[in-house]
Structures are given as C-alpha cells and as structure tokens.
Amino acid sequence: MSENQPDGKKQIALNIVSGKSKHKGFGAGSIDLNSMSPVIIDRGEAKIDIGAMHAKSKVERGPNGRQVWLVWVAVDRTPEGRMYGGATSCEMLIDDEAKRGWKILADHVNRMDYALKRRFMLDDLGSEDKAALKSLLISHNEEWWDASPEELKQALEG
C-alpha cells in the first residue's frame, strides 16, 4: 500500500479494528466509524483517502466537475395563504464529458430535512445563484414570495 503523502502533509494512519470497547446502553448496535478507514484502489495503487468517508475522495470528485446547486424549498400553508417556509442549498459536481455527478448524499438528506423544518440555509450560494433563485421564486408565485419570512428575503440579497 502506498503510504507516500504530498510534501509537508501528515501521514494518514490506518485505523485497526479493536474489541476493547464494549458499549452498552443508548446507541448500542449503532455503527462506530472511529475504527474505519477508507482505502481507494485505483489503477493498481491503494491509498488511504479519508474523503471517501463522505463520498469526497479524489476519484469521486472527478477532475472536471463543475459546481451545481440543489435547493430544497418547502412551501408552508397558513390561514392567510401559502409562502416559502424553508430553503436550503446543497452542492453537486457534474462532469458532462464523463457523464458523472458527485454529491454528498447525507448532506442532501440533512438539508432537505432542514428545509422541511422551516430553516433557511443559503449562505453557500453565490450572488448570481441567489439572484436566480429569488427570480424563480418570485416568478413562480409572487404572493407566496410577499408572504415569506424576511429571513428568506435577506438570505437572497446580494
């Protein structure tokens, strides 16, 4: 296995599974990833790549990926009518040439959950992306936009 790391980088250690912890009670039976290390084998060479724990290894991210955003938007119904009640953004990388895409599934699931829980998490979007989202939301239903919380409107400014 190749253990060479780029200049100045700390060598990544391979964790060894041990049986010294016998956890019982709350959380028993859950998966403990502290004793797990991802190894990527590519073109006959094996490397430890911690990024693989979150679907972000070098091979998964791809060399030509362009950033694309997925935004989860939750619509609320109130006695006064409907409004945009939650919105969260998540990153994806798309390589058109290779016809591949990469995302962190757990992040997408969590962000969808946050939108459903009426949270706004749009800080990752650039100003152009924010303007595009704002324009879409307004053109889709201006009444919903007008009734939406100020938090959403402020998140999509600039």
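Worth pointing out:
- The slack between ILE50 and GLU151, meaning 0.36 nm per residue of separation minus the straight C-alpha distance, is 32.8 nm.
- Between ASN110 and ALA98, the contour length at 0.36 nm per residue exceeds the alpha carbon distance by 1.6 nm.
- FRET efficiency estimate (nearest 0.05) - Cβ-Cβ, THR78 to ASP124, R0 41 angstrom: 0.90
- Each peptide among 124-136, 94-106 gets the average number of other Cβ atoms lying within 10 Å of its residues, and from highest to lowest they stand as 124-136, 94-106.
Taken together, the values in this text are just the output of simple stated rules run on the coordinates, not laboratory data. The structure presented is a predicted model; accordingly, all values stated were derived computationally and were not measured. Cβ: placed from backbone, ideal geometry, glycine included. Neighbour counts: every protein chain shown.
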